[in-house]
Each structure stands twice: as structure tokens, then as C-alpha cells.
1. Mind checking which helices (runs of 4 or more DSSP H) fall wholly inside segment 1-45 and carry at least 3 residues that are under 15 Å from A87 (Cα atoms) and not acidic (D, E)?
2. Name the residues in segment 218-238 that are in a helix (DSSP H, G or I) and buried (at least 20 other Cβ atoms within 10 Å of the Cβ), would you?
3. If you go through segment 356-382, how many residues are assigned to a helix (DSSP H, G or I) and buried (at least 16 other Cβ atoms within 10 Å of the Cβ)?
4. Of all residues in segment 25-45, count the ones that are acidic (D, E) and touching a residue at least 40 places away in the same chain (Cβ under 8 Å).
5. Name the residue, out of Q257, Q327, Q277, Q261, that is more than 20 Å from M219 (Cα to Cα) and at pLDDT 95 or above.
6. So, T340, is that one under 19 Å from the mean Cα position of the chain (by Cα) and closer than 26 Å to V413 by Cβ or not?
7. Report the residue count in segment 361-386 for those that are under 28 Å from G316 (Cβ atoms) and over 28 Å from the mean Cα position of the chain (by Cα).
8. Filtering segment 417-445 down to residues that are surrounded by 22 or more Cβ atoms within 10 Å (Cβ to Cβ) and among the basic types (K, R), which residue is farthest from Q356 (Cα to Cα)?
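The values are calculated or read from the model by the stated rules, or taken from the named source; none is laboratory data. What you see is a predicted model, and the numbers here were worked out from it, not measured in a lab. Cβ coordinates were reconstructed from backbone atoms using ideal geometry, including for glycine residues, and neighbour counts include every protein chain displayed. Surface accessibility is based on the protein's heavy atoms, side chains included, excluding ligands, DNA and RNA. Shrake-Rupley method; radii C 1.70, N 1.55, O 1.52, S 1.80 Å.
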Amino acid sequence: MDITQILTNAQSPDAAIRQHAETTIEQAKQSNLPMFLVTLAGELANEEKPPEGRRLAGLIIKNALDSKMAATQTELSAAWVAMDPSAKAQVKLAVTSALGSPAAPARHTAAQVVAKIGAIELPRNEWPELIDALTANVTSTTNDHLKQATLEALGYICEEIAPAVLEVKSNAVLTAVVQGMRKEEPNAEVRKAATVALNNALEFVKSNFENDVERNYIMQTVCEAATADSQPVRMAAYECIVKIAGLYYAKLAPYMQALFQLTFEEIKSGAEEVAQQAVEFWSTMCDEEVELHEIAEEARNTGESPDALSQEFVKGAMPYLVPLLLQTLTKQEEDQDDDTWNVAMAAGTCLALVAQAVGDGVVPPVMEFVQQHIQSADWRYREASTLAFGSILEGPSKEALQPLVLQAIPIMVSLMRDGSVQVRDTAAWTLGRICDHHPEAVHTPIGGSTYLHELLKPGGVLLEALKDEPRVAGNVCWAIHNLAEAFDVDDSAQTSPL
């Protein structure tokens with residue numbers, strides 16, 4: 001069997017050639033799995049073979065070890081465990097040697113294969129030398145290819161294996177990862193791989209976060225990565241920061257000033273995807289503080305003391321955070337659709353969470369922005385002010401919002417006829433939010449009628465908007481659904497005000 005030619009044929013554009021090669025591969029796998037995997041591992045490690053063929057060899061090995069279906073995964077793991085030890089040793093030797101390959105397709109795939117074998121063997125206390133060998137690859141080599149792929153493998157292992165399995169090796173893993181992340185590391189791909197690995201390792205370094213010195217060093221390294229020239233490194237660093245906010249909120253006080261400055265600068269002038277992650281940091285902080293407020297409220301109601309209290313980071317940042325989010329709302333894309341996720345959408349979500357975290361305090365700065373821009377000649381500012389108002393309808397008290405909601409309904413009705421589909425879409429969404437959180441407002445009498453009647457009468461704005469573009473009509477349907485949900489109608493009633 002010429003495995004090189006078979007792998008080449010398996011990538012052929014000719015369907016007949018490709019299918020024959022795939023059949024041959026499957027037959028070889030079924031007839032002798034150990035020889036099959038050893039042969040593929042040798043191909044993956046052979047620098048004289050075509051890179052794409054080596055990559056495919058690695059993927060076939062990975063797929064022979066891994067499945068998203070639990071029952072299938074159990075079978076695949078059992079088949080590997082039952083293999084002859086010498087065959088397994090040959091496979092492991094070959095795939096770990098491929099980590100240092102100059103060919104990127106080969107070394108990236110080798111990292112996945114190493115992690116898949118590790119995911120099977122490490123929980124069984126097998127391959128005990130793996131983690132030490134991988135960490136040595138990072139700390140004791142000048143081969144950037146080897147360091148990068150090894151850090152990828154460590155990241156995959158940390159992602160797949162329960163923290164308890166790696167607990168005894170957590171310090172060694174953390175040392176290697178942080179070394180790869182340092183600002184002194186000149187290779188951006190190594191630095192990115194290390195930062196991604198740290199993200200995957202964060203759940204099992206709790207003991208390190210309890211130690212002030214170790215935590216300070218980790219946070220310093222992450223913050224330095226967040227200012228790297230390389231955008232992929234910054235992106236990975238902000239993803240780490242977001243995860244740290246969720247896992248270690250109680251430990252963040254000493255770092256909030258630095259995180260405040262980093263995230264604000266990135267939101268203001270950073271690349272789109274990185275700025276989204278900087279916004280996500282504040283969304284995560286809001287989520288944590290909303291949950292802590294709820295826990296504290298439950299504790300008060302039962303006469304107990306909560307285990308942890310909100311440190312009110314969001315409230316402290318609000319005078320600066322809210323204006324920044326409001327300005328970020330204006331960064332919409334001209335042709336964005338329902339599936340678009342951008343920094344403006346992220347800012348809207350974050351503003352809604354700020355409203356839940358701080359309550360009434362968010363209302364004055366948002367309303368100042370709304371009043372200033374709701375009639376702007378620029379559609380972006382009309383849409384941004386509409387989104388801003390809709391975003392704060394949950395969180396602040398009824399007393400703070402009710403007069404504003406009553407003033408807003410006719411404005412939203414007017415905006416439902418705006419020339420910009422983005423504005424109409426957001427106005428429909430805001431009316432849906434009003435119907436969801438303040439349904440009593442639509443019953444307000446106006447000139448012998450009510451807003452409910454005006455919205456839903458023949459020719460009324462909601463019914464007419466059902467003929468609008470699908471994104472607008474979808475939000476209108478949601479608004480009508482929310483109105484129906486809000487009516488407390490007796491089961492025996494034949495009809496309702498709606």
C-alpha cells in the first residue's frame with residue numbers, strides 16, 4: 001500500500017478517484033488498526049512527504065481516536081487502549097516528533113493528535129512523561145515551530161481534560177505557557193499559541209490565583225499581551241481577560257485600573273474583533289455583579305450572610321463606561337443584517353447589562369444621549385439613540401422609567417416609518433422591549449384612545465410593519481407576542497383587549 005499516493009488520491013477533485021482512496025483507507029483501518037495508525041503516524045512525521053498529505057494523515061489518526069458521540073468515543077478509546085503497547089509507542093514517538101516540523105499543516109495536526117492521545121491516556125495514568133516532555137519543548141528549545149505546536153498541544157489538552165487530572169502538573173504547564181506569552185518572546189505565533197493555551201488552562205490554575213505573587217505575574221503577562229503589536233495575540237489576550245473576569249472576579253480589584261485603561265483604549269480605537277472582546281469584558285463584569293446582587297438579596301430575605309459581595313466595579317466605571325458604549329453604538333455597518341455581530345451590537349448588549357447592574361444611575365446619561373441624537377440627520381445616531389433607550393428598559397426602577405416610556409412610544413411609532421431599515425428594525429425591537437417590560441404603558445389614554453389601539457388598529461404602525469422587511473416584521477411579531485403575554489385574561493373569556 002503506497003500510503004502517500006492514497007492520501008493524495010483522497011484529496012483528488014475526481015470523485016471516483018477520491019472515493020476509491022477513501023474506501024482503501026477504511027479497509028486498512030478495519031483490517032489492522034495498529035499497523036494503519038503506525039503507517040499514518042510515520043507519514044505525518046516524514047519531512048519528505050507532501051505537507052497536505054501529512055496533514056490528512058494526522059486528521060485520519062485524530063478521527064480514529066475522537067468522536068463527538070459519547071458512545072462512539074468510548075469505543076474508539078477502548079480500541080486504542082487495547083492496542084499493542086509497542087504500536088502505541090511508535091505512534092506517540094512519531095506524532096510528538098512532528099510537533100517540530102517546519103511544515104505548518106503537519107505540526108498543527110500533530111498537536112491535535114498528541115492532545116487526543118493524551119485525552120485518552122492521561123486520565124488512566126498512562127503516558128506520564130507527556131506533560132514534562134511538552135513543557136520542556138517550550139522552556140528548553142530555540143525551535144519556534146516546536147514551541148508553537150507544543151503550546152497548541154498543551155492548550156488542546158487543557159481544553160479536553162478535567163482539571164483534576166492535570167492538577168499535579170499545573171505549575172509546570174503554567175510556567176511553560178507564561179514563558180511563551182512573555183513580551184520578550186519575539187515570535188508572534190508562539191505568543192498567540194501560549195495565550196490561547198493559558199485561556200484553556202485557567203480553570204485548573206486556581207491555586208496559582210490564590211497566590212498573590214503568582215497571580216500578579218499571570219495578570220502582568222496577560223495585560224502585556226493585550227498591548228502586543230500582533231492583533232491575534234491581543235485578541236487571545238482579551239479572550240483570557242474575559243474568562244478571568246468570570247472565573248476570578250473576587251481577585252480583580254488590584255488590576256481594575258489597568259484593565260479599565262486597556263479595555264477603554266481598545267474599544268475606542270482597536271481592531272473590530274479585539275474591541276468586541278474588550279466590550280465583552282465589561283459585559284462579563286456586569287453578569288458577575290448582577291448575580292452577586294441577586295445572591296445578596298436572597299441572603300437578606302433569609303437572614304443569612306452572602307458568601308461574596310459585589311465590588312461594584314461597574315458602578316465605579318459607569319461615568320466613563322456608559323458614554324464610551326453610547327459612542328460605540330454609532331459604529332454600525334451600513335449593510336449589517338440579523339446575523340451580524342459587531343462592536344456596536346456588543347456595546348448595545350453591554351449597555352443593557354450595565355442597566356441591570358447599576359439600575360437608575362444609568363438613566364440620566366443615556367437619556368441625554370437619546371434626546372441629543374434621536375432626531376439626528378445621521379441614521380447611525382438615530383439608530384444608536386433608539387437602541388440605547390431600548391437597552392435600559394430592564395434594570396432601572398419603574399418610577400425612573402415610566403414617564404420616559406410614555407414619552408418614547410410616539411417617538412418609536414414615528415421611527416417605525418423612518419427611511420432607514422436599521423432605524424425601523426431597532427424601533428420595532430424597542431417597542432417589543434416596552435411591551436415586554438412596561439406593557440402597562442400601552443394602555444395609557446391618548447385623546448379618547450390608547451396606545452394599544454393606535455398600535456394595532458387597521459393601518460396602525462405594528463400591523464403595517466408586518467409588511468416591512470423580514471427583520472423588522474420579526475421584531476413586530478415579537479412585540480405583539482409580548483403584548484399578548486402581558487394580558488391577564490380569564491380562561492373562560494371569549495376575547496381580550498388585544
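1. Working: elements: 3-9, 15-31, 33-45.
Fully inside segment 1-45 and qualifying: 33-45.
2. Selection gives I218, M219, T221, V222, A225, V233, R234, M235, A236, A237, Y238.
3. At the first step, the residues of segment 356-382 found to be assigned to a helix (DSSP H, G or I) are 356-373, 379-382.
Subset that is buried (at least 16 other Cβ atoms within 10 Å of the Cβ): 356-359, 361-363, 365-367, 369-370, 373, 379-382.
Here the count works out to 17.
4. First, pick out the residues of segment 25-45 that are acidic (D, E): 26, 43.
So of that shortlist, the ones also touching a residue at least 40 places away in the same chain (Cβ under 8 Å) come out as 43.
Residues flagged as acidic (D, E) and touching a residue at least 40 places away in the same chain (Cβ under 8 Å) within segment 25-45 amount to 1.
5. Details: Q257 fails: more than 20 Å from M219 (Cα to Cα); Q277 fails: more than 20 Å from M219 (Cα to Cα); Q261 fails: more than 20 Å from M219 (Cα to Cα).
Within the list Q257, Q327, Q277, Q261, the selection yields Q327.
6. Values: under 19 Å from the mean Cα position of the chain (by Cα): yes; closer than 26 Å to V413 by Cβ: yes.
Spelling it out, T340 is indeed under 19 Å from the mean Cα position of the chain (by Cα) and closer than 26 Å to V413 by Cβ.
7. Result for segment 361-386: 11.
8. Out of the qualifying residues, it is R424.
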